[in-house]
Structures are given as structure tokens and as C-alpha cells.
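The values are calculated or read from the model by the stated rules, or taken from the named source; none is laboratory data. Only a predicted model underlies this, so the values are computations on that prediction, with no experimental measurement involved. No Cβ is skipped: glycine too gets one built from the backbone with ideal geometry, and neighbour counts run over all protein chains shown. Heads up: the accessible areas ignore ligands, DNA and RNA and are worked out on the full protein's heavy atoms, side chains in. Shrake-Rupley method; radii C 1.70, N 1.55, O 1.52, S 1.80 Å.
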Amino acid sequence: MDEDTHQNTQLQKLKEMFVSKFGSAPKFYARAPGRVNLIGEHIDYCGYAVLPMAIEQDILIAVEPVQTQVVQLANTNSSYLDFSTSVNNIQINKTKPQWHNYFLCGLKGIQEHFGLNNPTGMNCLLDGTIPPSSGLSSSSALVCCAGLVTLRANGKTLSKVELAEICTKSERYIGTEGGGMDQSISFLAEEGTAKLIEFSPLRATDVRLPSGATFVIANSCVEMNKAATSHYNIRVMECRLATKLLSKSKGLEWRKMLILHDVQTKLGVSLEEMLTIVEEVLHPEPYSTEEICKCLGISLEELRSQILSQNMQDVSTFKLYQRAKHVYSEAARVLEFQKICSEAPANALQLLGELMKQSHISCREMYECSCPELDRLVDICLQFGAIGSRLTGAGWGGCTVSMVPTDKLNTFLKNVKKAYYQKDGQRLAVENNSLFATKPGRGALVFVEA
């Protein structure tokens, strides 16, 4: 790896800090990028394809394997405290999503995959350029980077696809029911291209983005910590319940059906037809737990013990119609986005922009994962020349992604800065990392110093 990605200065600084912290030099480095999802929000965990790209911002870890069976973690950012633990007794605290717990997820995932009885200890110093809790996958990048580090330190090898699958599973140790997009793009990304990522089996296809437009990320500066909130996991559960009710109404084996994609596959119908079925079967009013039991013909006890996860026991109402409608329509938008990119018609930018706008409306109205600041930021971006703009990542805060004509980029950045960031002292302080143009970056890798 050359210095174009990690300017020598960042690496040099990291190395010097490592030496002063641990008293010796790192043996190797690993990096894993964050990502921006261009379209396909909240559908990976329903089994549907998504369309992200890696960004240049990443997590970088300097590593020295050691003889003791201890992992010592330190961070270049002093607000993240040092942590050390025995490699043989990994405890991951779900109640507090602290930074080191994400590292431990990746570590534990690799250990368990290989059944390592005698894992190597390590000294690790971490540096990150992805803004935290911004919806750009800083936490998944950390899990992936930790997985890569553990793999290398223990002298093991895996394919990128295997790594992505292990890191997806292991991030669940922290309590997030993610679908695999973030880990997959972190490993499978390639410079210069976005990817259509499909699941079971996991695969990635290049999507060449149209020339003439640039994707711009703007942070709403509302932080949202995915694992610390129940919003995200409630949505996962609402999709599961919608799956059960749709399956039951169509005479399918509903107990075996877990994700909305399964219903479509089993019925052998198009996404458009699924939307019609949602209209016929589900009602827009929220469902109570009692009504769900009645529809499925089961007791409340069975619903609680067999279907609802531990952290859902106190939720009393679920919106099933809205969530299913979002998922099936968003899944169709992803395929349409890919088709436009590959056919490249003269009005490609307008068509893609339209899909991004529709996606945001669906996230706001049907999935209810936006927030007033994100909606305002999307409006400002569209007002100042974006062809399309939407929230990206889980939502409830975090970032927007906008498609901007390249020749209008500088004016766009100046105007958005003024309208959203400069009117607010708090936002102004973080504005430099909050608004930036991005292009598809490369995926995770291990390297030694040149």
C-alpha cells in the first residue's frame, strides 16, 4: 500500500505514538474503511441487496503481536480510554457500547471461527478518521479491522467474503441485529466503483456511477448510537412480524419464515406484486401484541418466548404495513438504481436523483427513521442544487448523501455550509469533518511499512 491513502504523516504519527506507548515499533498495520450507502436503507437485514461504496475515511490500527496472552488497546484520541484484557476471556458488555467492545467483537469472531485455544496477545494503537455515530459505519469498520488484525496476528487466512460474514455475525455480540452491508462493503470495496451487495450467498457486483456527478456527505451533527437504541432493533422485529403475518395469510409455513425476502421467494412473485399483497393483507394502523397473536393463532406466551427477542418484551404496538411497504419499495429502487447505472441513459442523473428522493420520503414516512435535522439538511441540499439527497445509514441522526453536478460542487458546498453549519455554533465547531465530497474508495487491507 502506498502513501496516497495514508499519507506518510498519519502513519508516521501513529508509529511514534505506538513507540512511546508500548516501547517498541508496530510489526504491521490494518485499515478498514467506512461506507456511505447510496440507496437501499434498512433492507439488508430483510435479505435484500443494497448499494454502498467505501469512503476514504477509515479505521487504522498499528499492531505488535506479543508473547503474553493479553490484548492492550489504546486510541490516538484521548477521549477513548485505554483497555486491556486476557485474550482467553473475552467479555463484551452489551449495556455500554464503548469503543473497545467493537474491537473485542472482531477479535472474538475470529477466535471462535478457528477455535483458537491459545490466541496471540497484541498491543494495538487505533486511529480513526470516520466521524463516530454519524451513520458512516465507524463501528463496523472497527469490528472489521479488529478481525483482520486478529487473523494476521494468529497467522491465519480467510477470503474477504468469509471475513465479511464472520464480522457481520460477531458484531451481534454487542446487540445490534445488523444485516451485513457494512462489513461486506468494508472488505469487498474497490477503488472507483460502488457495489451492489447481495446476500445468501454474499456477493458483490461493480456499479459504475455516472460521470458528471459527485456524491457529497453532510453530517446532521445529531449523533445516533445504533446499539444503544432500541429503534433499530424494533424495526428488525417489525419486519420479522410482518414476514410472519404475510406468510400466514398466504398459507406458507410462517414459523420458518424470518425475513421479508423469504416471502417473496416462496411466493415467486415480483416486488411490485409484493407491494400489492402488503396492501391487501396488512392494515396501516399499528398492531397490538394481542392482534398479532390472534392473526397467527398463538398465545401471548408463545409470541414472547418464540418470536420477540429479549429486548422487545415491553413493546406493545408494532407498525407492520409501513415497514413492509418501505422494504419492498426500497428493494425495487436499488435494482432500478443499478439498472440506470448500467444502461446509462442521457437523463441518468435525473432518474437516479428521483430514486434518492423517493428513498428519503419512504425512510421518513414509512420507516420513520429520519429526524427533523436530517429532513432539513436534505431540503437544504436539494435547494442548493443537489439532484438527489437522502439520509444514509440507520438514520435517527447521522448523515445525508447528495448527488451533485460536479460543475456546481464548490457553490453547493459553500451554500450548504452557510445554510446549515454556520448558523449554529455547535455545528460550526465540527463543520470541517461534516461536509465533504467523496468517491468510491478501496476495501480493508493489512500492510507493513514500505
Quick check: with the 1.4 Å probe, what order do Val161, Val50 take by accessible area, largest first?
Val161, Val50
Top to bottom by accessible area (1.4 Å), largest first, where do Cys144, Cys371 land?
Cys371, Cys144
Got a sec? Charge dipole of the chain, +1 on Cβ for Lys and Arg, -1 for Asp and Glu; which of Leu296, Phe384, Leu142 is way out at the positive end?
Leu142
List the residues whose amide H sits under 5 Å from the amide H of Gly388, counting only those 5 or more places along or on another chain, with H placed 1.01 Å from N in the peptide plane.
Met403
Amide H neighbours of Cys371 under 5 Å, at least 5 residues apart or on other chains, H built in the peptide plane: list them.
Trp396, Gly397
Size of charge dipole - region 345-450 - debye, nearest 20, with Cβ of Lys, Arg +1 and Asp, Glu -1, no other charges:
280
The answer for the net charge of residues other than Tyr48 whose Cβ lies under 10 angstrom from its Cβ, with Lys and Arg +1 and Asp and Glu -1, is -3
Out of Pro132, Pro201, Pro119, any idea which swings most in a Gaussian network model of the chain, alpha carbons joined below 10 Å?
Pro201
Heads up, I need the accessible area for Ile340: 1.4 angstrom probe, whole protein in place, Å², nearest 10.
10
Calculate the all-directions average of the projected area of the chain's alpha-carbon convex hull, and give it in nm².
21.8
Cβ-based charge dipole, the chain, positive-most Cα from Gln422, Phe318, Gly155
Gly155
The chain, helix-only ellipticity at 222 nm - DSSP H runs n ≥ 4, -39,500 (n - 2.57), divided by all residues, nearest 500
-13000 deg cm²/dmol
Sequence of Val448, Val66, Val71 from largest to smallest accessible area, 1.4 Å probe:
Val448, Val66, Val71
Return the whole-Å distance between the Cα centroid of region 159-183 and the Cα centroid of region 191-210.
17
With every protein chain present, what accessible area does Glu280 have (1.4 Å probe, heavy atoms only), rounded to the nearest 10 Å²?
130
For Val207, the residues 5 or more places away or on another chain with a placed amide H closer than 5 Å to its own amide H are Ala194, Lys195, Leu196
Which pairs in the list Lys325/Lys357; Lys15/Lys96; Lys27/Lys156; Lys21/Lys156 are over 20 Å apart, alpha-carbon to alpha-carbon?
Lys15/Lys96; Lys21/Lys156
Glu272 accessible area, assembled protein chains, probe 1.4 Å, Å²
110
Can you name the helices of the chain, as whole DSSP H runs, whose Cα span along the helix axis is 18 Å or more and whose Kyte-Doolittle mean is not below 1.0?
138-153
Can you tell me the dipole magnitude for the chain around its Cα centre, using point charges on the Cβ only (Lys, Arg +1; Asp, Glu -1), in Debye to the nearest 20?
360
